[in-house]
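Reading through the structure tokens given below for one structure.
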Amino acid sequence: MGQKKVKEFKDKTRPRLVLDTSVFISALLFDRQPGKLINLWQGGKIVFLVSAEVFKEYLAVLSYPKFRLTKKEIKSLIEAEVVPFLEPVRIKTKLQVVSKDPSDDKFLELAVDGKADFLVSGDKHLLELRSYQGTKIIPVAEFLRRYR
């Protein structure tokens with residue numbers, strides 16, 4: 001496994017990542033394994049890629065009543081923890097890949113146009129693909145293992 005790490009990150013000291021919504025929300029709101037991603041994007045160790053459509057979904061999910069966040073809390077959280085550290089990507093590619101859940105295609109579009117190394121996901125429809133146009137699609141735990 002050590003050789004794999006060297007090979008994957010040799011020329012990419014800052015891997016480019018797309019985070020699906022569940023991984024992003026878990027990283028931001030819960031002190032679990034995904035939370036380690038915050039230190040990586042804020043420490044400049046990874047490039048956190050976001051498109052306008054993905055960003056809108058992040059905001060919409062943060063607004064769900066189950067999270068009990070006010071609009072002011074969401075704004076503050078996003079402005080302090082996310083916006084200063086993301087790399088915006090303009091989407092030009094339109095895909096129809098995930099037939100079982102077409103709403104997942106926006107993450108693949110972001111990965112393609114952002115030249116992502118990894119799409120970190122907990123979504124079974126995305127994980128089933130394993131990779132797409134050079135982007136590896138893996139769960140959080142696997143990314144963190146590879147990155148160490």
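The values are calculated or read from the model by the stated rules, or taken from the named source; none is laboratory data. Treat the numbers as computed from the prediction; the structure is a model and nothing was measured. Here Cβ is always computed from backbone atoms with ideal geometry, including for glycine, and neighbour counts include all displayed protein chains.
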Condition check for Glu87: out of contact with any helix residue (DSSP H, G or I) (no Cβ under 9 Å at 6 or more places or on another chain), under 25 Å from Phe30 (Cβ atoms) and part of a strand (DSSP E or B): yes
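If I go through segment 19-35 residue by residue, how many of them are assigned to a helix (DSSP H, G or I) and at pLDDT 90 or above? Before you say what the answer is, go through the steps one by one.
Going through segment 19-35, the residues assigned to a helix (DSSP H, G or I) turn out to be 21-29, 33-35.
Still in the list and also at pLDDT 90 or above: 21-29.
Residues meeting the conditions: 9.
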Run Gly44 past the list (1) within 28 Å of Gln133 (Cβ to Cβ); (2) in contact with a helix residue (DSSP H, G or I) (Cβ under 6 Å, 6 or more places away or on another chain); (3) at pLDDT below 95 and report the number of the one that doesn't hold. (2)
Can you tell me how many residues in segment 99-115 are surrounded by fewer than 13 Cβ atoms within 10 Å (Cβ to Cβ) and in a helix (DSSP H, G or I)? 2
Please determine, by comparing only the residues of segment 23-74 that are surrounded by 15 or more Cβ atoms within 10 Å (Cβ to Cβ) and among the small types (Gly, Ala, Ser), which one is nearest to Leu144 (Cα to Cα). Ala27
